[in-house]
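The values are calculated or read from the model by the stated rules, or taken from the named source; none is laboratory data. Values in this document were obtained by computation on a predicted structure and should not be read as measured data. Here the Cβ is made from the backbone with ideal geometry for all residues, glycine too, and neighbour counts use every protein chain on show. For the accessible areas, the whole protein counts, side chains as well, though only heavy atoms, and no ligand, DNA or RNA atoms are used. Shrake-Rupley method; radii C 1.70, N 1.55, O 1.52, S 1.80 Å.
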Amino acid sequence: MNIPFGNPDRPNSYIGKTVPRPNAGRLVEGRGRYVDDITLPRMTHVVFVRSPHAHARITGIDAAEALKAKGVLRVFTGADLARVCTPWVAVLAHLKGLKSPPQHAIAVDRATWVGEPVAAVVATSRAAAEDGAALVEVGYKLLPAVTDMRSALDDATPVLHDEMGENLAFRRLHEEGDVEAAMASAHKVVSARFRTARHTGVTPEPRSILADWNPAEGQLTVWHATQAPHMMQTVFAKHLDLPEGRVRVICTDVGGSYGIKVHVYPDEVAAVAIAKVMGRPVKFVADRLESFTTDIHARDHEIEARIAVDADGRILAFDVDDWTAIGAYSVYPRTSAIEGNQVVNLCGGPYDFAHYRARTSVVFQNKTPTCQYRAVGHPIAVAVTEGLVDMAAAELGMDPVEIRRRNLFPDDAYPVTSPAKMRFEGLSHHASLDKLIALMDYDALRADQAEARKRGIHRGIGIASFIELTNPSPFMYGIGGARISAQDGCTVRMDPDGSVVALSGVTEQGQGTEAMLSQIVAEGVGVTPDKVRVITGDTQVTPYGGGTWASRGAGIGGEAALQSALALKDSILEVAGAMLQAPKDALDIRAGQVVDSATGEPRMPLEELGRIVYFRGDTLPKGLPRELVQTRHFITSDYPFAFTNGVQASYLEVDTETGMVTLLKHWCVEDCGRIINPQLVDEQIRGGIVQGLGGALFEEIHYDADGQLLNGSMADYLVPMAAEMPDMVIGHVETPTKESLLGAKGAGEAGTAGAPAAVMNAINDALRPFGAQVTEMPFTPERILRALGKIDD
Amino acid sequence: MTEAFRDRIDIALTVNGEPVEARVPAGRHLIDFLRLDLGLTGAHASCEHGVCGACTIRVDGESVRGCLMLAAQADGADVWTVEGLSDTGAVRDLQQAFVERNALQCGFCTPGMLVAAEELLSRGTVPSRTEIREHLSGNYCRCTGYEAIVDAVEGVAIARAGKGAA
Ligand code: FES
Ligand code: FES
């Protein structure tokens, strides 16, 4: 049911074109408005006292000295806040067996990770609150810390939450076919052990919130750096016992999110609860050091996996045993079991094979909670799948491209249900791979690699196919009981001057959401994009929606915008028809003019129509509908998710003396369905790739055996900077989803999903002559030198 | 407080071409002074330990990390932030190139990135892509992947050189 947007000569053809982003000019002039830029009268600042221990009973809190400090107004303990704020339990009904204990805004009697808030100090300035926090005396009795995921379930390991009875949060086993028989009869079985390090998002803007409770109005207003303002509205209302309609969450500019800012954080809820108690605005902006211990972590997985292939390189079976540790609590309300669940859903994803077994074991430990972060579970599943496929190819003496050609689902096979029971509506693995091979000039690269090797230079080529889950339906969270909207809405209105305002439930954190919406609305109504003003991120103003996560902005929010824009066009033409004495379908709107649809001849500018409707309605026929505002909502219904596909390639050089990896170039071909703004899509993919490259080469949160976080600063936790990053070539195949008029799927996470696997395969390609192989990310010089046998201790 | 260490310091400086006099706490960082006391929220505080470059501003002609310099040290200095550089049009071409190339997404790193890029461009040569990457490697961007930023800076360098030659 797509509208064909392919013809570039159609009127108002903004969908598919690179048009400027309306908010970019403001941001380059430093006129953004992030939460920390907002100051309210009587505003206070809160700073948290955080546990220095991974696991400890709180034996007492003495705030007397802190309260004497200049500027300090109040100190709150967990017990204080528990009186005004109910705890939450982060489970989902459809993840059977998932359990997690109630979590409070501030720990009540026990701290369970280094960084968990144990008290809050409110003062007239942040500096004063920090000084006060240093004076709060907290008594601790140390408890044994659970830190190793693989021994978390051993009898000898203490149980972290007594009421749980064990450290297992969730386990899922998915079996399809007969894996053991396939393994037994296979020509080759290759197995490997993979590890993906604990990461965190390192959003440039730290988590930030400013809460203002107005007791006179009974209204709570919260400025919040969040991806899901409506979800947060619901959460604040529920846990602070307020009517939902009396909570307004506003997210203005947000300085990077990547999934980090879609969760409920105890310290943020505490700040809001404190505002309610004090009746004064309270601001909390995490400092960088506390970001490292309290922003969610992700990707902490250890996997044993096998692949079975026949003599022709056909994949017979995958067998995956995934372990992940989620820290001390499952994170509200999305839960921390989703990442492991995704590994089960996504392993083997691009390939047509019959026998599949995947298990995930999700355990608690005394570390920062983990949860959904850009490309949830994808980099893990893609690394396992593509790592094994490459190893199998090497074992068979087959080219890595050839083994993929033999196993990828054919482009004409769809719809298809995978062995993991994922339903694919329409993917383009072969077209994408062909395009990638052409873009990178694969044969020339192989020749360059061989030539370099003669000079003692070790280069590698790595390829990684992947699927990406986008446009989630209620099957992701809603059916599990979470109040997370899978539907989104858009209201589009024409004002007297003929300009258009679009109010959308999806949000902008830099992806270009507002540009994308302005293009769609401009095309749908028939005005130029500069005539469209987009408003997002205000729950009192925009239709209720899910916000921006899981690459749903364009596919869900964009479709709602298109449908509402088309509806508005229809109502405008109805009025125009009455004014011009013409049948509605003989008219069209182009570049802000009502025109004759056959000849394109201008009949009336929209500002004239606006003038008459709004100011001289007396001249219109009585009873003529004159609603120049329309709202539409959209939700997917035929498929639980709109899967996209893509393929990446990395070309790199390994210095076998130092273990250093130099990225030479990176390619990605991606099929996100209808492309609305090519430049924005390309840059989403590039940004995503670099985030994936960080995971492949640099990023790793280190804890010691006692649960102390060892590298909690940007000087110690390495992130990709400009100098180490390669240039990236991006290509596209367009297979629109038939679920919507627009046909857009998501593109936000593809880069991150595939890059680590491409780099891993490239490094192993470079190391293969040495009989060496790495599978533990990040691929630091030390790990590479160990693989080469140059370090062993 | 002893006389030897006063906790408040009087400073006089120019910020974005305007004279400013203030009494600041001795421990006040320059970025906090600009943001909290002067309301110049264009430059951002992100890591507050000198690694990310979000707080990069221009002090006496050099790009400086506002989180590593105390306001007290800026006594007598000539300080420019993105607001002032925008008002004078000093980085207009660079800003336009950033917008055209979508060399920003969330925009949080952008003010610091612009100041750092302008420092490189002010040398008057056309830097190579590698030199641009090296020069910007103290400015963290999580959104863009850097390539668009490198493209924008390179484009402006070439355009400025072309104009200079004409
Ligand atoms: S805030 Fe100054 S360098 Fe990061
Ligand atoms: S644009 Fe978001 S950090 Fe650079």
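Numbers at a glance
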{"read-out": "Checking A:Val401 against (1) more than 21 Å from the chain's Cα centre (by Cα); (2) in a loop (DSSP other than H, G, I, E, B); (3) farther than 11 Å from A:Ala420 by Cβ, the condition it does not meet", "value": "(2)"}
{"read-out": "Single condition A:Asp352 does not satisfy, out of (1) more than 16 Å from ligand 2 (Cβ to nearest atom); (2) farther than 20 Å from A:Asp390 by Cβ; (3) among the charged types (D, E, K, R)", "value": "(2)"}
{"read-out": "Single residue of the stretch A:22-52 satisfying the filter (touching a Phe, Trp or Tyr at 6+ places or on another chain (Cβ under 6 Å) and not in a loop (DSSP other than H, G, I, E, B)) that is nearest to the other protein chains (Cβ to nearest Cβ)", "value": "A:Val28"}
{"read-out": "Residue match in the stretch B:17-28 (condition: within 16 Å of ligand 1 (Cβ to nearest atom), within 12 Å of another protein chain (Cβ to nearest Cβ) and surrounded by fewer than 24 Cβ atoms within 10 Å (Cβ to Cβ))", "value": "yes"}
{"read-out": "Of all residues in the stretch B:118-134 being within 10 Å of chain A (Cβ to nearest Cβ) and within 14 Å of B:Gly155 (Cβ to Cβ), the one that is nearest to ligand 1 (Cβ to nearest atom)", "value": "B:Ile132"}
{"read-out": "Meets criteria (basic (Lys, Arg), within 14 Å of chain B (Cβ to nearest Cβ), within 25 Å of A:Thr368 (Cβ to Cβ) and in contact with a strand residue (DSSP E or B) (Cβ under 9 Å, 6 or more places away or on another chain)) for A:Lys238", "value": "no"}
{"read-out": "All positions within the stretch A:401-416 that are closer than 21 Å to A:Asp443 by Cα and open to solvent by 20 Å² or more (accessible area, probe 1.4 Å)", "value": "A:Glu402, A:Arg405, A:Arg406"}
{"read-out": "Yes/no for A:Gly71 being closer than 30 Å to A:Asp596 by Cβ and not assigned by TED's automatic domain parsing to the domain that holds A:Asp596", "value": "no"}
{"read-out": "Output for the stretch A:449-487, where each listed residue is within 30 Å of A:Met231 (Cα to Cα) and acidic (Asp, Glu)", "value": "A:Glu468"}
{"read-out": "Subset of the stretch A:15-53 [surrounded by fewer than 23 Cβ atoms within 10 Å (Cβ to Cβ), of a type in the set (A, V, I, L, M) and at pLDDT 95 or above]", "value": "A:Ile38, A:Leu40, A:Met43"}
{"read-out": "Any hit, the stretch A:463-470, residues being surrounded by 22 or more Cβ atoms within 10 Å (Cβ to Cβ) and closer than 19 Å to A:Glu653 by Cβ", "value": "yes"}
{"read-out": "Within the stretch B:42-61, tally of residues that are near ligand 1 (Cβ under 6 Å from one of its atoms), at the interface with another protein chain (Cβ under 7 Å from one of its Cβ atoms), crowded, with 23+ Cβ neighbours inside 10 Å and not aliphatic (A, V, I, L, M)", "value": "3"}
{"read-out": "Selection count, the stretch A:54-73, where residues are under 24 Å from A:Thr294 (Cα atoms) and surrounded by fewer than 19 Cβ atoms within 10 Å (Cβ to Cβ)", "value": "4"}
{"read-out": "Matching entry among B:Val64, B:Val91, B:Val153, B:Val115 (being in contact with an Asp or Glu (Cβ under 8 Å, 6 or more places away or on another chain), more than 8 Å from chain A (Cβ to nearest Cβ) and of a type in the set (Val, Ile, Thr))", "value": "B:Val91"}
{"read-out": "Test set (1) assigned to a loop (DSSP other than H, G, I, E, B); (2) at negative phi; (3) of a type outside the set (D, E, K, R) - A:Gly659 fails condition number", "value": "(2)"}
{"read-out": "Hey, A:Lys531 among the charged types (D, E, K, R) and over 36 Å from the mean Cα position of the chain (by Cα) or not", "value": "no"}
{"read-out": "Cβ pairs under 7 Å, 6+ apart, first in the stretch B:94-112 and more than 7 Å from chain A (Cβ to nearest Cβ), second within 6 Å of ligand 2 (Cβ to nearest atom)", "value": "B:Ala103/B:Thr144"}
{"read-out": "Selected residue (only one of B:Gly155, B:Gly84, B:Gly66, B:Gly162 is open to solvent by less than 10 Å² (accessible area, probe 1.4 Å), away from ligand 1 (no atom under 15 Å from the Cβ) and of a type in the set (Gly, Ala, Ser))", "value": "B:Gly84"}
{"read-out": "Selected residue [open to solvent by less than 20 Å² (accessible area, probe 1.4 Å) and within 14 Å of another protein chain (Cβ to nearest Cβ)] from A:Gly694, A:Gly743, A:Gly731", "value": "A:Gly694"}
{"read-out": "Residue under evaluation B:Ala103, criteria (1) within 16 Å of ligand 1 (Cβ to nearest atom); (2) among the aliphatic types (A, V, I, L, M); (3) closer than 25 Å to A:Thr662 by Cβ, criterion not met", "value": "(1)"}
{"read-out": "Top-ranked residue of the stretch B:96-147 - restricted to ones that are of a type in the set (Lys, Arg) and within 13 Å of ligand 2 (Cβ to nearest atom), ranked as least open to solvent (accessible area, probe 1.4 Å)", "value": "B:Arg142"}
{"read-out": "Matching entry among A:Gly512, A:Gly537 (being within 14 Å of another protein chain (Cβ to nearest Cβ), away from ligand 2 (no atom under 16 Å from the Cβ) and farther than 24 Å from A:Arg603 by Cα)", "value": "A:Gly537"}
{"read-out": "Residue that is β-branched (Val, Ile, Thr) and under 21 Å from A:Asn761 (Cβ atoms), where the choices are A:Val376, A:Val389", "value": "A:Val389"}
{"read-out": "Unmet criterion (only one of (1) more than 14 Å from the chain's Cα centre (by Cα); (2) within 16 Å of ligand 1 (Cβ to nearest atom)) for B:Leu38", "value": "(2)"}
{"read-out": "Flag for B:Leu13 being within 14 Å of ligand 1 (Cβ to nearest atom) and more than 15 Å from the chain's Cα centre (by Cα)", "value": "no"}
{"read-out": "Test: residue in the stretch A:327-345 that is open to solvent by 10 Å² or more (accessible area, probe 1.4 Å) and assigned to a strand (DSSP E or B)", "value": "no"}
{"read-out": "Answer residue from the stretch A:600-656, given it is part of a loop (DSSP other than H, G, I, E, B) and among the β-branched types (Val, Ile, Thr) and is surrounded by the most Cβ atoms within 10 Å (Cβ to Cβ) among those", "value": "A:Thr636"}
